[in-house]
Amino acid sequence: MLTKVQKWGNSLGLRIPKSFASEAQVEAGSTVDISVKDGGLVVRPVPRPHHALSELLNKVTSRNLHEEVVTGKPVGREAW
């Protein structure tokens, strides 16, 4: 498929057709790794890290647990 590189500020931008984006599993906001190999551009999606709640909670210790944070009085219909 042919497409055009276009000016985007001081950089260049390339539109990714929807079918290519779907197959590569990228969407708006996805992080990609871009490199040059043998004079060609290579764009690869960077997998999102998957964090399970249990994994994250296992990292909480008495050394990194902070005190309650006071953010002020309720505003609106907050129920405490």
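The values are calculated or read from the model by the stated rules, or taken from the named source; none is laboratory data. The model shown is predicted, which means the values in this text are computed figures rather than measured ones. Reconstructed Cβ throughout: ideal geometry from the backbone, glycine too, with neighbour counts over all protein chains shown. Protein only, heavy atoms only, side chains kept; ligands, DNA and RNA dropped before computing areas. Shrake-Rupley method; radii C 1.70, N 1.55, O 1.52, S 1.80 Å.
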Query raised in the report: Given Ala52, Trp8, Phe20, which one lies farthest toward the positive end of the charge dipole of the chain, if we put +1 on the Cβ of every Lys and Arg and -1 on the Cβ of every Asp and Glu?
Result: Trp8
Requested in this report: Sorted from largest down, give the three principal axis spans of the alpha carbons of the chain, whole angstrom values.
Outcome: 58, 34, 27
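How large is the accessible surface per residue of the chain, computed with a 1.4 Å probe and reported in Å² as a whole number?
It amounts to 106 Å² per residue over the chain.
Over the range 29-80, with every protein chain in place, what whole percent of the accessible area is carbon and sulfur at 1.4 Å, could you tell me?
Carbon-and-sulfur percentage of accessible area, whole number: 56.
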Query raised in the report: Using 7 Å Cα-to-Cβ label points, what is the Val75/Leu57 separation (nm, one decimal)?
Result: 3.1
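So what is the relative contact order of the chain, in percent, for Cα pairs below 8 Å that sit 6 or more residues apart?
13
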